[in-house]
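The values are calculated or read from the model by the stated rules, or taken from the named source; none is laboratory data. Model, not experiment: these values are computed from the prediction. Heads up, the Cβs are rebuilt from the backbone with ideal geometry, glycines too, and the neighbour counts pull from every protein chain shown. These area figures cover heavy atoms from the full protein model, side chains too; ligands, DNA and RNA do not enter into them. Shrake-Rupley method; radii C 1.70, N 1.55, O 1.52, S 1.80 Å.
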Amino acid sequence: MMIKVCGMRDIENINQLQELDIDFMGIIRYSKSKRYVDDLQKEKVAQQTMNKGTVGVYVNETLENILQDFIPLQLDVIQLHGNEDPAFAKALLEIDIKIFKAFQVTEEFNFDSLKEWEALATRIVWQA
């Protein structure tokens, strides 16, 4: 089982999390989230030394904005949490960026849509 703790934005919490037996820590770069890491917080987070896997969480973001975060935030993986299409994921893979893909599972969810992501995403993240 993989453990990812998401929504980290407080430096003290980030440092405490570095001491736990987890696989990944998620940093949300979606401005509509309550746990959004804004540009000021991004600068503070970028100053930390990360010893756990770090996931940048994005919702329908541009490739340019993701790339601006990738090195400063020491990201290991990008989690696509919106309506991104497989072509966008392929563009990330072409520049050697690993992907987690999140899906909101509802009664209407089409599980056949997962087939095109099997070769693209390192992990599939489910949200109920």
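So the values come out like this:
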{"quantity": "Single match in ALA128, ALA102 (criterion: within 23 Å of ILE3 (Cα to Cα), modelled with pLDDT under 95 and open to solvent by 20 Å² or more (accessible area, probe 1.4 Å))", "calculated": "ALA128"}
{"quantity": "Neighbours by Cβ (under 6 Å, 6+ apart or cross-chain): first from segment 56-70, over 13 Å from LYS42 (Cα atoms); second open to solvent by less than 50 Å² (accessible area, probe 1.4 Å) and of a type in the set (D, E, K, R)", "calculated": "TYR58/ARG29"}
